[in-house]
Amino acid sequence: MYSQQIMDIFLNPKNLGKLRGANGIGQSNDELNSVIVRVYIKVEEERIIKAQAEVFGNPDLIACADFMCELINGKPLDYALSIKEEDLISGLPDYIAKICVQAIKFAVIDYKDRLYKQSIKLKKSKRTLENIENFKSILKKQL
């Protein structure tokens, strides 16, 4: 039997589904129990403005993922990284909170990785522009 808290969240989820415009995605699964959680985050200025989850599993997992997204919405990235299994709904099988916490941490890592890759592209494009300008000035001198 499911607790009243689980049933309330399961029947009225607020943060489920794919999030359009997400700039961080994390996924975790438990193969033994055939469940998957995919967390989408939209981050602005190092703050999670919206988190949503796609869940392939049982009502416990659906409720836990929805609860976790509600917990991190509007919070700084550091807060999301500090979430522990015991911060989520109590009385659940161990694997449930574990994969939810892993998924959010993977989403933050994905966000940071994308940010890093964008900064590398920006640096490369700035260097390319500098090289073009240098080449133009060399050509002008030669003409």
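Taking Cα atoms only, the orientation of helix 59-72 departs from the longest principal axis of the chain by about 50 degrees. Distant-in-sequence amide contacts of Ile49, defined by a placed amide H-H separation under 5 Å and a gap of 5 or more residues or a different chain, comprise Lys42, Val43, Glu44, Gly74. When restricted to Cα atoms, the stretch 26-101 yields an Rg and a Dmax of 11.9, 38 Å, respectively. Mean residue ellipticity at 222 nm, helices only, the chain: -18500 deg cm²/dmol; runs of at least 4 DSSP H residues each add -39,500 (n - 2.57), and the sum is divided by the number of residues. Taking the C-alpha atoms only, the angle from helix 94-142 to the longest principal axis of the chain is near 10 degrees. The convex hull around the C-alpha trace of the chain, projected and averaged over every direction, spans 10.9 square nanometres.
Values in this text are rule-based calculations from the coordinates and carry no lab data. Fair warning: this is a prediction, and the values are worked out from it, not measured in the lab.
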